[in-house]
Amino acid sequence: MLFRSDNFPLDSIYNRYNNAKESKKSERAYARLNKKSRCLYVGSSKGLIPRIKQHFGFGPKGTYAMQLIYWCENLDLEITLNIYAFCNSISIKAFQAFEDGAWSSLMPMLGKQGKK
């Protein structure tokens, strides 16, 4: 899954997220903060709906995620979510190559690169 925002100043997104993360707002586990980027996050999950809920801030406090509801309040921020589905028979190496390529190409602002 890929989260992206094209309509809002990067400094505002970066600073809002950084403030929430550093202050440990609502005692949530915030994903790693990287360099500013229009791509907010690149990641994968076998449980898509629960993972999306975690990124919105509705998961367990200790699960590292974007925690959107805790730093996006009162922002007119439009986020695009792209989901790529793969056949269960795809090899782990092929899947990881796709995710690594997306990460390297998009350089997301949040999160960490998966296993190489």
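The angle separating the long axis of helix 92-106 from the principal Cα axis of greatest extent in the chain is about 40 degrees. When you work out D = kT/(6 pi eta Rh) for the range 74-116 at 25 °C and 0.890 mPa s, using the Kirkwood radius from C-alpha pairs as Rh and the Stokes-Einstein form, the result is 197 µm²/s. What's the carbon and sulfur percent of the chain's accessible surface, probe 1.4 angstrom, rounded to a whole number? Carbon with sulfur: 54 percent of the solvent-accessible area. Near the amide H of Leu40, within less than 5 Å, lie the amide hydrogens of Phe3, Arg4, Ser5, Met109, all on another chain or at least 5 residues away, with H placed in the peptide plane. Taking a point 7 Å out from the Cα of Arg38 in the direction of its Cβ, the residues of the range 56-80 whose backbone N falls within less than 20 Å of it are 76-80. Which residue fluctuates most in the GNM of the chain (Cα springs below 10 Å): Lys61, Lys46, Lys25? Looking only at Lys61, Lys46, Lys25, the biggest GNM fluctuation is shown by Lys46.
Estimated translational diffusion coefficient (Stokes-Einstein, Kirkwood radius over Cα pairs, 10 °C, 1.306 mPa s) of the range 11-94: 112 µm² per second.
A dipole drawn for the chain from +1 and -1 charges on Cβ atoms has a positive end, and of Leu10, Gly43, Tyr84 the residue lying farthest that way is Gly43. Total lysine pairs in the range 34-116 at Cα distances under 24 Å, for residues eight or more apart or on different chains: 20. Accessible surface for the chain, divided over its residues, is 62 Å² per residue with a 1.4 Å probe.
The values are calculated or read from the model by the stated rules, or taken from the named source; none is laboratory data. None of the values given here were measured: they were computed from a predicted structure. Don't worry about glycine lacking a Cβ; one is built from the backbone with ideal geometry, like all the others, and counts go over all protein chains shown. The protein model used for the area step is the full one, side chains on, heavy atoms only, and it has no ligands, DNA or RNA in it. Shrake-Rupley method; radii C 1.70, N 1.55, O 1.52, S 1.80 Å.
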